[in-house]
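Colleague: First the structure, then my questions, so here it is.
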Amino acid sequence: MKRILIAEDDRRISAFLAQKLQANGYGTTVVEDGYQVLNLISHHQFDLLILDLGLPGKDGEEVLTELRGQGQQIPIIILSARDQIKDKVAGLEGGADDYMTKPFSFEELLARIRLRLRSHQIPQEPKSATVVQFGNITLDLHQRAVTVDDREIKLSNQEFILLDTLMRHPNQVMSREDLLNYVWGYSYEPNSNIVNVYIGYLRKKVGNDLIETVRGVGYRLRNK
Ligand code: CA
């Protein structure tokens, strides 16, 4: 079972997160101040950290800086009410893997958690949570299998995550930056054309007309 450390001093939020994450098959531990986060991570194994920025003791930014300064690799998703671009940039440049603002959608947070964990190993989840469907395409996260019209398609790791990301945002245009962030993380330079290249690969495998290019904006899945 994957273990998630929740650093959150608002008990309504931490209780909600713990309950929902447990229902999705994760183990959870809640801490309420920054010192506890550092202490727990140095002594116990966790697979992911959800980090509030406004924490007593040591705030989330300091915690982030210390963890990354120690070379700690744990995936970190910041979950904060601070919604200014400068806060997000500071968090991501400080070494967070992702940044979500409150109020948040649990489904979206869950999708982002899965993406972060998937680069290591597929989490054990209830069967129903591991199958994503859009039109004639079915994606089984557990088996890592993709079928189009009941025909199985072989995808590379990145192609799989890219398709999963698009399928989790149906009818929504995803910008190249969004996809770059979701699939490759923030380590890629923003001008990289890797997204276009992989969209091309995917089109070859799942059909040309599935992924629509929205000129100047990005990509979205097209309902047939
Ligand atoms: Ca707080």
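Colleague: Treat every Asp and Glu Cβ in the chain as -1 and every Lys and Arg Cβ as +1, leave all other atoms uncharged, and give the resulting dipole magnitude about the Cα centre to the nearest 20 debye.
Modeller: Dipole size: approximately 840 debye.
Colleague: Between residue 81 and residue 173, take the C-beta separation as r, use R0 = 25 Å, and let me know the FRET efficiency to the nearest 0.05.
Modeller: On the way: r = 27 Å, r/R0 = 1.06.
Result of the calculation: an efficiency of 0.40.
Colleague: Output the relative contact order of region 3-119, whole-number percent, from Cα pairs under 8 angstrom with separation of 6+ residues.
Modeller: Value for region 3-119: 23 percent.
Colleague: Continuing with this model, one more query. Which value, in debye to the nearest 20, describes the size of the charge dipole of region 127-221 about its Cα centre when Lys and Arg Cβ atoms bear +1, Asp and Glu Cβ atoms bear -1, and nothing else is charged?
Modeller: Values: 11 positive and 11 negative charges, 17 e Å.
My answer is approximately 80 debye.
Colleague: Still on this structure, I have one more. Based on the Cβ-Cβ distance of residue 223 and residue 140, what FRET efficiency does E = 1/(1 + (r/R0)^6) give at R0 = 35 Å, to the nearest 0.05?
Modeller: That pair, residue 223 with residue 140, gives E of 0.95.
Colleague: With every protein chain kept in place and ligands, DNA and RNA left out, what is the accessible area per residue of region 127-221? Probe 1.4 Å, answer in Å².
Modeller: 52
Colleague: Starting with the highest mean, order 15-27, 47-59 by the number of other Cβ atoms within 10 Å, averaged over the residues of each peptide.
Modeller: 47-59, 15-27
Colleague: Next question. For the chain, what is the calculated [θ] at 222 nm in deg cm²/dmol (nearest 500), taking -39500 (n - 2.57) for each run of four or more DSSP H residues and dividing by its residue count?
Modeller: Result for the chain: -11000 deg cm²/dmol, rounded to the nearest 500.
Colleague: Still on this model: Over the chain, how many percent of alpha carbon pairs lie in each 10 Å bin up to the one with the longest distance?
Modeller: 7, 32, 34, 20, 6, 0
Colleague: What percentage of the solvent-accessible surface of region 127-221, computed with a 1.4 Å probe over protein heavy atoms, is contributed by carbon and sulfur atoms?
Modeller: Its accessible area is 44 percent carbon and sulfur atoms.
Colleague: Also: What's the local net charge at residue 164, with K and R +1, D and E -1, over the other residues with C-beta under 9 Å away?
Modeller: +3
Colleague: What's the angle, to the nearest 10 degrees (0 to 90), between helix 60-69's Cα axis and the longest principal axis of the chain?
Modeller: 80
Colleague: Something else about it: What distance in nm separates the simple spin-label points at residue 156 and residue 66, each placed 7 Å from Cα in the Cβ direction?
Modeller: 4.0
Colleague: Out of 72, 136, 156, whose Cα points farthest toward the positive end of the dipole of the chain (charges: +1 Lys, Arg; -1 Asp, Glu; placed on Cβ)?
Modeller: 136
Colleague: Using only the alpha-carbon atoms, how far is helix 194-206 inclined from the longest principal axis of the chain? Give it as 0 to 90 degrees, nearest 10.
Modeller: The helix 194-206 is inclined about 50 degrees to the chain.
Colleague: Shifting gears a bit: Which one of 18, 39, 6 is farthest out on the positive end of the charge dipole of region 3-119, using unit charges on Cβ (Lys, Arg +1; Asp, Glu -1) and the Cα centre as origin?
Modeller: Sorting the options by dipole projection puts first 18.
Colleague: Past 29 Å, Cα to Cα: identify those pairs from 2/204; 86/154; 2/102; 102/204, in the order given.
Modeller: Working: 2/204 34 Å; 86/154 40 Å; 2/102 24 Å; 102/204 38 Å.
Over 29 Å apart, Cα to Cα: 2/204; 86/154; 102/204.
The values are calculated or read from the model by the stated rules, or taken from the named source; none is laboratory data. Just so you know, these numbers come straight off a predicted model, no measurement behind them. All Cβ positions, glycine included, derive from the backbone under ideal geometry; neighbour counts span all protein chains shown. With ligands, DNA and RNA removed, areas are computed over all heavy atoms of the protein, side chains included. Shrake-Rupley method; radii C 1.70, N 1.55, O 1.52, S 1.80 Å.
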